[in-house]
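These notes concern the structure reproduced below.
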Amino acid sequence: MAKRHNLMDEVMELEVFDTHTHLIGEQLSARDFWEIADYFWLSRELQAGGYPSNADKLPEQSRISAFLDAYDATRNTLMNIAFTRIFKDLYGIEIKDEASVREADNAVRETCRRHDWAQQVADKLKVRRYVVNYPHHVSFAGMRDDAVLIPRIDGQLNDWVKRIADSSERSRTFAEAQDELAQLIDTYHVMKCPGVMTTLPRYEAGSTENYAITDAASRDQIMMRLLHCVCERVERRGMLLQIFLGVERTWSKTAAAPANDTERILKLYGLFERYSLPFELVVASELNNMDVVQAAWNFPNVHVGGMWWYNFRTSTYRDSMQYRLEALPAHKNSLIVSDARCIEWTYGKIVLVKKMVAEFLEDQLDKGWIDRETAIKVAKSWLYESALKRYGIGGSH
């Protein structure tokens with residue numbers, strides 16, 4: 001038991017690179033209790049426990065009562081556990097009744113006024129760097145380092161596809177989109193961004209095909225041709241392409257869903273094969289965790305990113321870590337995607353990931369698959385060093 005405790009302690013002291021957040025540099029800290037309690041992932045689980053979707057419209061006392069009932073009903077869920085750790089570890093508060101909620105609200109309002117609070121939270125888990133996707137979010141108030149900017153281009157990509165598809169002169173419009181695309185990536189290169197990021201919905205086109213931009217071309221075929229243009233420019237500028245996959249929004253008007261498309265990664269093999277730029281694949285669908293590992297095994301320039309959306313569960317982390325450990329050098333893997341909207345949630349999620357990593361590697365060590373030196377080396381790469389190297393960022397303080 002002492003050995004397990006010691007490895008846990010050592011992993012908790014390792015540095016972290018959070019490779020995908022929604023943090024806003026000028027307002028990193030939550031402003032009140034509800035900004036933490038209403039985080040999307042926790043809200044989904046609370047609503048399954050009976051919490052009303054319009055809780056923010058209720059009188060405060062009714063809202064607190066409804067929250068406490070749902071919180072008690074979901075104590076077994078991972079986001080509930082993360083939320084509990086936030087208030088226990090950062091504020092020393094156990095959420096158990098109305099008085100504790102009001103105490104927590106006062107505590108969050110007080111820390112929000114502290115200029116050093118965000119850095120203090122980051123330092124508790126040694127989170128050294130964070131990635132954001134918008135230039136106006138980069139300047140991190142009160143932090144030693146600003147965020148790393150990996151701009152997302154999916155909005156522009158979708159606009160270009162629509163413009164080309166709707167055009168009566170598709171070839172000319174495609175050429176115009178190519179020029180705009182090149183200028184955009186060149187701008188980000190001048191800004192010293194390590195790369196660009198895009199999400200991809202389900203697509204019925206393969207990257208090995210050379211689709212002609214005619215009136216017969218589908219939107220997916222146009223998108224794939226544009227992806228080739230993105231890769232060409234990104235490669236020329238010595239940047240990387242981060243691709244987020246596995247979330248579908250077409251099946252419901254109100255809810256996104258994970259979609260385990262068995263050909264999703266295969267359809268990108270033509271890009272991996274043709275272009276030498278680094279690709280970082282981040283997926284939200286459970287079965288695609290194996291597919292991205294296989295792609296990274298097949299192509300030296302493909303890397304596996306953190307666990308996104310519906311993959312943030314202990315079971316999927318455990319399986320994905322097993323795939324990665326068996327098949328890939330540690331430096332080809334990053335593990336942390338907090339997807340957090342305030343600094344407190346980066347803590348709540350990353351503290352659980354570190355716990356998962358320590359428990360997983362200790363189990364591998366106990367079974368004799370790896371030694372302790374390898375376990376620590378793997379943890380360092382998964383949590384921090386692989387992203388540091390991939391993004392070309394300077395080392396720790």
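Roughly how big is the chain's charge dipole about its Cα centre, with Cβ charges of +1 (Lys, Arg) and -1 (Asp, Glu), in debye to the nearest 20?
Working: 50 positive and 57 negative charges, 86 e Å.
The calculated dipole for the chain is roughly 420 debye.
Need one number: the % of Cα-Cα pairs in region 279-397 sitting beyond the 18 Å mark.
More than 18 Å apart: 50 percent of the Cα pairs in region 279-397.
For region 128-391, what does the accessible surface come to per residue with a 1.4 Å probe? Please give it in Å². Display every interim value, and only then the final one.
Working: 11070 Å² over 264 residues.
Each residue of region 128-391 exposes 42 Å² on average to a 1.4 Å probe.
Run the Debye formula on the Cα coordinates of region 110-211, all scatterers equal and no solvent, and tell me log10 I(q)/I(0) at q = 0.17, 0.18, 0.22, 0.25 1/Å.
Each listed q corresponds, in turn, to -0.90, -0.95, -1.20, -1.34.
Just need the relative contact order of the chain here, percent rounded to a whole number, with Cα pairs under 8 Å and 6+ apart.
Value for the chain: 21 percent.
Divide, for region 342-397, the radius of gyration over alpha carbons by 2.2 N^0.38 Å, where N is the residue count.
Computed over Cα atoms of region 342-397, the ratio equals 1.32.
Just to be sure I understand the model, the point goes 7 Å from the Cα along the line to the Cβ. What's the resulting Asp154 to Trp297 distance in nm?
Simple spin-label model gives 2.7 nm for this pair.
Can you give the helix-only mean residue ellipticity at 222 nm for the chain, where every DSSP H stretch with n ≥ 4 adds -39500 (n - 2.57) and the sum goes over all residues, rounded to the nearest 500 deg cm²/dmol?
-15000 deg cm²/dmol
In nm, to one decimal, how far is the Glu94 label point from the Met290 one, both placed 7 Å along Cα→Cβ?
Each label point lies 7 Å from its Cα, and together they span 4.3 nm.
For region 32-90, with all protein chains present and a 1.4 Å probe, just round the carbon and sulfur fraction of the accessible area to a whole percent.
47
Just to be sure I understand the model, the point goes 7 Å from the Cα along the line to the Cβ. What's the resulting Ala141 to Trp251 distance in nm?
Taking the two extended label points, one gets 4.0 nm.
Which of the chymotrypsin sites (Phe, Trp or Tyr not before Pro) found in region 73-115 are loop residues per DSSP with 15 or fewer other Cβ atoms within 10 Å of their Cβ?
Answer by residue number: there is no such site.
When DSSP beta bridges are limited to those with both residues in region 232-319, what percentage is antiparallel, rounded to the nearest 5? Don't skip to the answer; put the middle values down first.
Working: 2 of 11 bridges.
Antiparallel: roughly 20 percent of the beta bridges in region 232-319.
Between region 266-336 and region 48-110, what is the separation of their alpha carbon centroids in Å?
So the two Cα centres are separated by 35 Å.
Hey, if you put +1 on the Cβ of every Lys and Arg and -1 on every Asp and Glu Cβ in the chain, which of Ala104, Ser168, Asn210 ends up farthest toward the positive end of that dipole?
Asn210
Provide the three semi-axes, in whole Å and in decreasing order, of the ellipsoid equivalent to the chain as defined by the square roots of 5 times the Cα gyration tensor eigenvalues.
36, 26, 21
In whole angstrom, note down how far apart the Cα centers of region 152-197 and region 9-33 are.
Each part's Cα centre sits 31 Å from the other's.
Can you pull out the trypsin sites (Lys or Arg not before Pro) in region 121-191 whose DSSP state is coil and whose Cβ has at most 14 other Cβ atoms within 10 Å? Before the final figure, lay out each step's value.
Working: sites: Lys124, Lys126, Arg128, Arg129, Arg144, Arg152, Lys162, Arg163, Arg170, Arg172; in loops: Lys126, Arg144.
Answer by residue number: Arg144.
About its Cα centre, what dipole magnitude does region 106-171 give when the only charges are +1 on Lys and Arg Cβ and -1 on Asp and Glu Cβ, stated in debye to the nearest 20?
On the way: 12 positive and 9 negative charges, 60 e Å.
Roughly 300 debye, rounded to the nearest 20.
Give me the lysines in straight-line cross-link reach of Lys88: C-alpha distance below 21 Å, same-chain residues under 8 apart excluded.
Reachable lysines: Lys96, Lys124, Lys126, Lys349, Lys354, Lys355.
The values are calculated or read from the model by the stated rules, or taken from the named source; none is laboratory data. Note that the structure is a prediction, hence the values are computed from the model and not measured. Counting neighbours? That spans all protein chains shown, and the Cβs are built from the backbone with ideal geometry, glycine included. Surface accessibility is based on the protein's heavy atoms, side chains included, excluding ligands, DNA and RNA. Shrake-Rupley method; radii C 1.70, N 1.55, O 1.52, S 1.80 Å.
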